[in-house]
Amino acid sequence: MRKSFFYISLALITACSVIFSFSLSQAADMKIGCVNMQKIVKESTAGKEMSQEGNKILGDKKAEIRALEDEISKMFNDYKEKEMVLSPEAKKELKDNIERKLIDKDRSEKDLYRQLRNFEKRAVSEIVTDINKIIKKIGKDEKYTLLLDSSGIKNDEVELPMTNILYSTPELNITEKVLSLYNKQYEEKKKKKEKE
């Protein structure tokens, strides 16, 4: 029984040694790189245009909301001035009008933020899809074993790769290369749409 235990232990140790040495030799042949997706999304031409368009949507809607706020403020001031001379029915009507306007303002604000979230989600998703295609092409063409996202983006709205890279040498970082290729591709796509 002791002999069989000895042989089994020896076989396991030998197997582990072979696997470990194989893994080390394979690791030496690996080519690893990292990409900062967050930087590409923010600094790309498409990302900057997305941000400008989002700010325009926000600005236009904020002006509408400010106009509602001004109207509500005026209605409230009118109510305060006339409160003593108004009949109970007229007071109730003015209060109801103010409440309706407040509800409209709240609805407009919620619609604005929902619209912005949907816009951002859709736009970022398109950008990330295009970036991922470029990264996959670089990975295949340049024979990378592994490409990691070094930005550590955590966003519940958009699924982006999550990796915690604590250290990498600058040579591994291909962010600028991906950014440059993506901007070039985006400009070509944009020109093509303009011609249509």
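The values are calculated or read from the model by the stated rules, or taken from the named source; none is laboratory data. Note that the structure is predicted; figures quoted are calculated from it, not measured. A quick note on method: Cβ atoms are made from the backbone with ideal geometry, for glycine too, and the neighbour counts reach across all protein chains shown.
Miscellaneous remarks
- Residues satisfying the stated conditions in segment 52-77, i.e. free of Cβ contacts under 8 Å to residues at least 24 places away in the same chain and loosely packed, with under 14 Cβ neighbours inside 10 Å: GLN52, ASN55, LYS56, GLY59, ASP60, ALA63, ARG66, ALA67, ASP70, SER73, LYS74, ASN77
- The residue that is nearest to SER150 (Cα to Cα), among those in segment 19-45 that are modelled with pLDDT of 50 or more, β-branched (Val, Ile, Thr) and part of a helix (DSSP H, G or I), is ILE40.
- Per the listing VAL128, VAL158, the residue uniquely modelled with pLDDT under 75 and under 24 Å from LYS189 (Cβ atoms) is VAL158.
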